[in-house]
Amino acid sequence: MRPSEADLALLRGLVEIPSVSRREGEAVEWLVGRMGERGFRATVDDAGNAVGEIGDGPFHVVLLGHIDTVPGEIPVRMEGDELVGRGAVDAKGPLAAFVAAATQPVSRVRVTVVGAVEEESPTSAGARHRATQPAPDWCVIGEPSGWDAVTVAYKGRLTLDIALSREARHGAAPGPTIAEEALALWQRLRESAAERADADRSFERLDCRLEGIDAGAADGLVERARLHVGYRAPPGV
């Protein structure tokens, strides 16, 4: 079923407003305004989230998406039937779909739509704030996991910034360079994570990625290297 023109305008309008993590204010205020026009009781909560509530009843459903994006401007445009732009998939598309779906109240159900801030930041301030509120009967998270399936769990995320340093050595000195020492450490971390590679499902595996490296910096006295390592950890790790 093709979305209505009003719903398409909601999505495009939201995508057209830049909202890099920790700079979401304009998009939040805009979405609160649009939800208010649709009959939501809409406001900005203490964490800066866009929150809209509609309907009344004994059952409470929270539809939680995030309104922030990673950096990087992508010109907003239509390519055939697809809207292209930063956040169109992750995750303003799901958030706009939540607002559109909840616009028609359901009998005996109170629905709260949350456009959370800082999801793309380690702080995740928006979701953490909502977790302090009374638990709903159901909570659906809007993330791009495919239109024909429901994701039932998330891996945890851990990031490590590892700094190595040593006294500066002559370039012709024997032994590994500081860059080689950093890579050897990364290899040990990867091998340790690979011990869980025989898990039956990919969700059960411990993923380990080298996300950044800066090696070989020296001031004539000290040599330095830095690794940025990211883990995706299943429950129980």
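The numbers here are math on the coordinates, done by the rules we state, and not lab data. Predicted model, so just to flag it, every value in this text is computed and none were measured. Heads up, the Cβs are rebuilt from the backbone with ideal geometry, glycines too, and the neighbour counts pull from every protein chain shown.
For segment 191-214, the residues whose backbone nitrogen is under 14 Å from a point 7 Å from the Cα of V152, taken along Cα to Cβ, are 203-204. Computed on segment 156-233, with alpha-carbon pairs under 8 angstrom and 6+ residues apart, the relative contact order is 49 percent. By the helix-only formula, in which each DSSP H run with n ≥ 4 contributes -39500 (n - 2.57) and the sum is divided by residues, the chain has a 222 nm mean residue ellipticity of -7500 deg cm²/dmol. Stokes-Einstein, applied to the Kirkwood radius of segment 79-217 over Cα pairs at a viscosity of 1.306 mPa s and 10 °C, places its translational diffusion at 79 µm² s⁻¹. Measuring how big segment 156-233 is from its alpha-carbon positions, Rg and Dmax come out at 15.3, 50 Å. Just to be sure I understand the curve: with the Debye formula and one point per C-alpha of segment 5-141, what is log10 I(q)/I(0) at q = 0.14, 0.19 Å⁻¹? Log-scaled intensity ratios, in q order: -0.58, -1.05. When only Cα pairs below 8 angstrom with a gap of at least 6 residues are kept, the chain shows a relative contact order of 18 percent. Its relative contact order, with pairs defined as Cα atoms under 8 Å and 6+ residues apart, puts segment 5-141 at 32 percent.
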